[in-house]
Amino acid sequence: MPELPEVETVKNELSPYVIGRCVSGITLLWEGIVKEPSVDEFRSRLVGQRIAGIARRGKYLIFSLSGGDSLIVHLKMTGSLIVGRDLSEEPKFTRAIIHLDNGIHIFFRDPRKFGVLRLVRDSDSIVGKLGPEPLDADFTPQVLAQRLAKRKAPMKALLCDQNFIAGIGSMYADEALFATGIHPMRSAESLSNEEIEHLYKAIGEILWAAIENKGASVNTYFRPDGTKGTAHYEFKVAHRGGEPCVKCGTPIERVVVRGRGSYFCPRCQPEKP
Ligand SMILES: [Zn+2]
């Protein structure tokens with residue numbers, strides 16, 4: 001699933017094609033992709049609006065439009081936004097196409113059909129409840145410590161909870177916990193101050209490095225130009241079940257934490273601190 005670094009990459013690489021451009025048309029190959037408003041209203045309100053800006057909040061992409069609406073895109077499990085100049089370039093599994101007045105087409109490719117398009121007046125109705133952005137200046141070790149205090153939930157579940165912290169999913173949670181030597185099942189309240197400081201630092205370093213590597217293409221994530229990111233080449237545990245730990249050689253294990261497959265090294269990340 002695309003997480004913060006993947007969505008940030010899509011935002012960065014899409015910007016030069018879309019900022020200041022007018023939406024000249026929309027093709028819905030699968031109408032179920034539109035969550036709100038109705039398909040007819042979505043189409044009529046969107047077409048003709050100019051894209052004033054594009055931002056990311058958590059795993060959401062937010063296109064701010066000249067008419068005051070926001071077009072909010074969630075790529076969910078398998079979505080990608082691919083830029084093309086020719087409709088004959090339509091990728092397989094394209095569910096929607098946004099046509100722009102500069103001749104650019106943005107293909108929303110989504111094999112599993114979990115991706116979502118929304119057109120809303122107030123973007124806070126969708127992203128307002130999200131937790132802090134981990135790369136923002138006001139997200140500090142103190143903020144992380146306050147949010148972890150007295151929480152009994154397993155660390156893996158908390159890091160993936162979008163209302164706890166925005167943008168982190170299974171892959172980067174696994175990487176951050178490995179970097180810190182924290183078992184994915186450990187409860188938040190069991191962390192020492194030193195571990196929290198270390199975790200804070202690891203989250204920032206891992207997310208920035210992944211953005212530099214244009215995201216991780218473990219399965220179906222593509223950059224807007226159709227190429228893959230390389231962040232997964234840096235993964236120490238995520239999706240490396242059975243392979244030797246880079247620190248100690250112990251085979252990486254997988255455990256399910258609240259429904260999420262979680263990769264960890266049983267030696268570097270002991271269950272009891
Ligand atoms: Zn190890």
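Miscellaneous remarks
- Filtered by the rule that a residue be closer than 13 Å to LEU144 by Cβ and surrounded by 14 or more Cβ atoms within 10 Å (Cβ to Cβ), region 187-203 gives ALA188, LEU191, GLU195, ILE196, GLU197, HIS198, LEU199, TYR200, LYS201, ALA202, ILE203.
- Of all residues in region 241-259 being near the ligand (Cβ under 10 Å from one of its atoms) and among the aliphatic types (A, V, I, L, M), the one that is least open to solvent (accessible area, probe 1.4 Å): ILE252
- Looking only at residues in region 212-235 that are of a type in the set (A, V, I, L, M, F, W, C) and crowded, with 19+ Cβ neighbours inside 10 Å, the one that is farthest from ALA145 (Cα to Cα) is PHE222.
- Taken together, the residues in region 228-257 that are of a type in the set (D, E, K, R), in a loop (DSSP other than H, G, I, E, B) and either in contact with a Phe, Trp or Tyr (Cβ under 8 Å, 6 or more places away or on another chain) or over 15 Å from CYS268 (Cα atoms) (or both) amount to 3.
- If you check HIS105, HIS74, HIS99 for being in contact with a Ser or Thr (Cβ under 6 Å, 6 or more places away or on another chain) and open to solvent by 10 Å² or more (accessible area, probe 1.4 Å), only one passes: HIS99.
- The set of residues in region 123-140 that are out of contact with any strand residue (DSSP E or B) (no Cβ under 8 Å at 6 or more places or on another chain) and either part of a loop (DSSP other than H, G, I, E, B) or open to solvent by less than 30 Å² (accessible area, probe 1.4 Å) (or both) comprises GLY128, LYS129, GLY131, PRO132, PRO134, LEU135, ASP136, ALA137, ASP138, PHE139, THR140.
- Meets criteria (within 16 Å of the ligand (Cβ to nearest atom), in contact with a His (Cβ under 9 Å, 6 or more places away or on another chain), open to solvent by less than 10 Å² (accessible area, probe 1.4 Å) and within 30 Å of ILE106 (Cβ to Cβ)) for ALA238: yes
- Per the listing PHE42, PHE63, the residue uniquely over 25 Å from GLY215 (Cα atoms) and in contact (Cβ under 8 Å) with a residue 12 or more places away in the chain is PHE42.
The values are calculated or read from the model by the stated rules, or taken from the named source; none is laboratory data. The structure presented is a predicted model; accordingly, all values stated were derived computationally and were not measured. For neighbour counting, all protein chains shown are included, and Cβ atoms are generated from backbone atoms with ideal geometry for every residue, glycine included. Ligands, DNA and RNA are stripped out before the accessible areas are found, and what is left, the full protein with its side chains, is counted by its heavy atoms. Shrake-Rupley method; radii C 1.70, N 1.55, O 1.52, S 1.80 Å.
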